[in-house]
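Worksheet: one structure, shown below.
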Amino acid sequence: MASCIRAASSPRIAPLRQLGHNAGMTSPDSCGMTAKPKRRRPEPAIPPPLRREVTEYARHLGRKYRHLFESDRELKNRLLRLQHALLPPRPKPRGRPGNPRTTRAIALLRRLRRQHPNERPRERWNQICSILIPEFDRLTELQQWTVREELRESVRSRLRKRTRRNSH
């Protein structure tokens with residue numbers, strides 16, 4: 001092996017090195033060294049129908065908006081970032097997941113407000129609670145009041161957070 005290293009750095013080999021990689025030299029295997037080829041992981045194939053549709057769409061955009069792509073070199077990158085953001089999977093929303101009961105209560109409240117605009121809030125909330133909370137009608141008056149107020153407060157809190165987040 002030492003002779004292999006000396007032979008590679010020998011002055012007689014230098015002119016051969018200028019001819020090209022390994023010109024006139026024996027392969028690394030003859031010196032006992034084996035060079036492992038770098039293996040790349042194969043990228044998952046794009047299904048043919050999807051590839052066809054995306055290709056057609058890209059060609060259509062290229063033909064229709066050629067003047068924009070030629071005048072703005074970065075437009076293609078911005079377009080790809082937009083497409084990346086629009087396709088699933090989307091990132092999970094930040095923060096703690098919402099309480100499903102609160103989410104359903106908000107949806108029911110909006111629906112009941114549209115359907116019965118003249119109904120009193122207490123009647124609305126009694127309907128919402130009887131739909132969402134099993135055996136709500138069997139609770140005592142005080143327990144019903146407590147459960148209803150907790151649900152109202154959780155809905156109010158969620159809606160306030162939404163408006164604060166949207167206003168900034």
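Would a scan of the stretch 98-109 turn up a residue that is surrounded by fewer than 15 Cβ atoms within 10 Å (Cβ to Cβ), assigned to a loop (DSSP other than H, G, I, E, B) and of a type in the set (Gly, Ala, Ser)? Taking every residue of the stretch 98-109 in turn, at least one turns out to be surrounded by fewer than 15 Cβ atoms within 10 Å (Cβ to Cβ), assigned to a loop (DSSP other than H, G, I, E, B) and of a type in the set (Gly, Ala, Ser).
Being part of a helix (DSSP H, G or I) and at pLDDT 90 or above is the filter here, so list the residues in the stretch 84-97 that pass it. Talk me through it step by step, then tell me what you get.
The first filter runs over the stretch 84-97 and keeps only residues part of a helix (DSSP H, G or I), leaving 84-86.
Listed by number, the residues that qualify are His84, Leu86.
The number of residues in the stretch 25-83 being modelled with pLDDT under 90 and either assigned to a helix (DSSP H, G or I) or surrounded by 10 or more Cβ atoms within 10 Å (Cβ to Cβ) (or both) comes to 8. Return yes or no: is Thr140 at pLDDT 95 or above, farther than 20 Å from Asn99 by Cα and either within 32 Å of the chain's Cα centre (by Cα) or surrounded by fewer than 16 Cβ atoms within 10 Å (Cβ to Cβ) (or both)? Criteria met by Thr140. In the stretch 79-90 there is no residue that is free of Cβ contacts under 8 Å to residues at least 12 places away in the same chain, more than 30 Å from Leu61 (Cβ to Cβ) and of a type in the set (S, T, N, Q).
Report yes if Asn126 is under 30 Å from Glu150 (Cβ atoms) and surrounded by fewer than 10 Cβ atoms within 10 Å (Cβ to Cβ), otherwise no.
Values: under 30 Å from Glu150 (Cβ atoms): yes; surrounded by fewer than 10 Cβ atoms within 10 Å (Cβ to Cβ): no.
Taking the combined requirement at face value, the residue does not satisfy it.
The values are calculated or read from the model by the stated rules, or taken from the named source; none is laboratory data. Keep in mind that what you see is a predicted model, and the values were worked out from it rather than measured. All Cβ positions, even for glycine, are placed from backbone atoms using ideal geometry, and neighbour counts span all protein chains on display.
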